[in-house]
Amino acid sequence: MKKIIPLFLFALLGFPIVASAETVVTPEAVLESVDMVWIMIAAFLVFFMHAGFAMVESGFTRSKNALNILMKNFMTVSIASVLYFIVGYGIMFGTSGGGIIGLDGFLLSGQEDQIGFFVFQAVFAATCATIISGAVAERMKLSSYLLLTVLMTGFIYPVVGHWVWGGGWLSELGFVDFAGSTVVHLTGALGAIVTVMFLGPRLGKYSGKTVNVIPGHNIPLGALGVFILWFGWFGFNGGSTLAADPSLIPAVIATTLLSASGGVIGSALFSYAKFKQIDASLTLNGALAGLVGITAGTANVSPIGAIIIGLLAGVILVEAVQFLDRVARIDDPVGAIAVHGVCGIWGTLAVGLFSVEGGLFYGDGFALLGIQAIGILAVVAWTMGATAVAVLAIKAVSGTIRVSREEEISGLDFAEHGSTAYESSRSIFNENPGADSDFGVGLLHRLDSLDKQPKPKSSHKTAQ
């Protein structure tokens with residue numbers, strides 16, 4: 001028996017060696033396999049970023065809406081994956097129709113050998129859509145949000161992607177966006193700002209000229225989300241090499257790390273200089289600002305350039321949040337528009353300044369910077385116009401895209417899902433600044449006071 005077991009193991013383990021000997025393994029086949037494994041690993045990392053988005057959005061908002069935000073993120077990645085397979089991939093990477101839109105490749109027809117590339121691009125499409133989720137948190141109907149996600153991932157985003165990555169007119173012009181500062185982040189933020197303008201601010205956010213702070217319920221949860229996003233971003237940028245290039249990938253990972261670090265330092269120091277304290281939420285968003293800022297030029301700038309881009313992104317973020325919140329009075333609970341929109345513009349323009357080939361600071365003039373500006377303007381015009389039409393269409397169908405006042409005060413967890421994220425009898429009444437005392441907190445106080453009132457004496461008389 002002792003002799004039989006080793007012979008069995010040898011036969012079992014040796015069989016693959018014998019079988020593989022019959023298959024011709026070429027260096028090209030090995031390289032192709034390694035490239036695909038790297039792209040798949042990167043896709044896994046980008047998919048995991050959706051956990052980060054969910055944690056950031058729920059942590060930076062009130063507990064009574066946490067379940068709703070989790071459901072939006074799960075639905076976003078699911079809808080985007082299916083819809084991008086059906087139509088989005090074809091619009092983005094199909095045969096170009098005048099450099100504007102892809103005309104074939106729907107359901108991956110004729111593109112079956114590109115299924116790995118499809119997976120990588122599908123998780124990018126979902127990322128673009130989920131940016132809107134954070135900006136419209138705590139007041140948008142779930143059904144309206146999901147309809148907008150369908151239009152964003154099925155049409156609006158793929159058109160932009162075709163222009164830049166699918167052989168469209170911007171790529172022919174020489175526009176540079178290596179991993180998506182404009183294609184993914186700016187597009188998502190533009191969709192967000194248009195939708196927020198239709199929605200209006202949360203109840204109690206603005207009282208006359210006063211801007212009320214509505215704090216998030218769990219900043220540690222938000223910080224965990226930022227770390228997850230930072231981790232996933234190594235796949236977001238690194239996977240955009242689309243090959244296991246031993247020289248390019250380390251450079252991309254290095255610039256990603258350095259710019260994110262610069263964003264944290266820049267936002268921390270600038271918030272300290274501005275407010276005499278290091279603002280925690282701004283510093284956390286500073287990491288994301290640095291990541292968005294480097295995404296367009298991560299393969300085109302030096303490590304020093306990446307640090308500068310990140311530092312300036314951190315400063316820009318603080319000013320952008322303050323401007324949007326206090327001057328433009330655009331209520332964005334998580335700062336998504338400032339992070340992905342304003343810093344997305346900065347990152348795209350930074351390519352024209354810091355690119356070692358064609359950048360203004362490397363003596364190559366304004367040509368690339370001008371092309372980057374043209375691309376930004378084109379994407380702004382298309383995305384804002386298309387999103388406005390989409391939102392108007394959704395309003396025409398559903399009547400309104402915003403929940404009722406009572407639903408907003410009680411919380412979207414209860415209103416949209418009939419449940420809550422946390423087991424607390426008071427969670428649906430929490431933190432409603434400026435709300436009418438006849439509902440919410442005031443109602444709870446009156447209910448509590450009933451137990452303190454003396455009970456009426458019972459009567460033994462029976463009704464006649």
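Brief remarks follow.
- Filtered residues of the range 383-399 (kept if surrounded by fewer than 20 Cβ atoms within 10 Å (Cβ to Cβ) and either of a type in the set (A, V, I, L, M, F, W, C) or modelled with pLDDT of 95 or more (or both)): Met384, Gly385, Ala388, Val389, Leu392, Ala393, Lys395, Ala396, Val397
- Verdict on Ala122 being at pLDDT 95 or above, crowded, with 24+ Cβ neighbours inside 10 Å and of a type in the set (A, V, I, L, M, F, W, C): no
- Taken over the range 72-93, the residue count meeting the criterion of being open to solvent by less than 10 Å² (accessible area, probe 1.4 Å), within 24 Å of Ala415 (Cβ to Cβ) and not β-branched (Val, Ile, Thr) is 2.
- Every pair of residues 6+ apart whose Cβ atoms lie under 8 Å, when the first sits in the range 67-79 and is closer than 20 Å to Asn218 by Cα and modelled with pLDDT of 95 or more while the second is hydroxyl-bearing (Ser, Thr, Tyr) and part of a helix (DSSP H, G or I): Ile69/Ser58; Ile69/Ser133; Leu70/Ser58; Lys72/Thr130; Lys72/Ser133; Lys72/Tyr145; Asn73/Thr130; Asn73/Ser133
- Residue in the range 58-71 that is nearest to Ala421 (Cα to Cα), counting only those that are open to solvent by 10 Å² or more (accessible area, probe 1.4 Å) and assigned to a helix (DSSP H, G or I): Leu67
- Lone unmet requirement of (1) touching a Phe, Trp or Tyr at 6+ places or on another chain (Cβ under 7 Å); (2) under 26 Å from Val164 (Cβ atoms); (3) surrounded by fewer than 19 Cβ atoms within 10 Å (Cβ to Cβ) for Ala313: (3)
- Taking helices (runs of 4 or more DSSP H) as the structural unit, those lying wholly within the range 110-216 and holding at least 2 residues that are closer than 28 Å to Gly297 by Cβ and out of contact with any strand residue (DSSP E or B) (no Cβ under 8 Å at 6 or more places or on another chain) correspond to 115-135, 157-165, 169-173, 187-199.
- Filter result for the condition that a residue is open to solvent by less than 50 Å² (accessible area, probe 1.4 Å) and over 30 Å from Glu406 (Cβ atoms), over Leu242, Leu282: Leu282
- Residues considered: Gly411, Gly418, Gly375. Of these, the only one that is out of contact with any Cys (no Cβ under 8 Å at 6 or more places or on another chain) and open to solvent by 10 Å² or more (accessible area, probe 1.4 Å) is Gly418.
- Being in contact with a helix residue (DSSP H, G or I) (Cβ under 8 Å, 6 or more places away or on another chain) and more than 21 Å from Thr283 (Cβ to Cβ) is a description that does not apply to Gly204.
- Here is the figure for the range 245-272: residues that are under 20 Å from the mean Cα position of the chain (by Cα) and surrounded by fewer than 19 Cβ atoms within 10 Å (Cβ to Cβ) total 1.
- Residues that are open to solvent by less than 10 Å² (accessible area, probe 1.4 Å) and more than 19 Å from the chain's Cα centre (by Cα) within the range 319-355 comprise Ala350, Val351, Gly352, Ser355, listed in sequence order.
- Matching residues, the range 208-232, being farther than 12 Å from Ala51 by Cβ, open to solvent by less than 40 Å² (accessible area, probe 1.4 Å), in contact with a helix residue (DSSP H, G or I) (Cβ under 7 Å, 6 or more places away or on another chain) and among the hydrophobic types (A, V, I, L, M, F, W, C): Val211, Ala223
The values are calculated or read from the model by the stated rules, or taken from the named source; none is laboratory data. This one's a predicted model, so the numbers in the text were calculated from it and none came from an experiment. Ideal geometry is used to build each Cβ from the backbone, glycine not excepted, and the neighbour counts take in all protein chains shown. Keep in mind that these areas ignore ligands, DNA and RNA; they rest on the heavy atoms of the full protein, side chains included. Shrake-Rupley method; radii C 1.70, N 1.55, O 1.52, S 1.80 Å.
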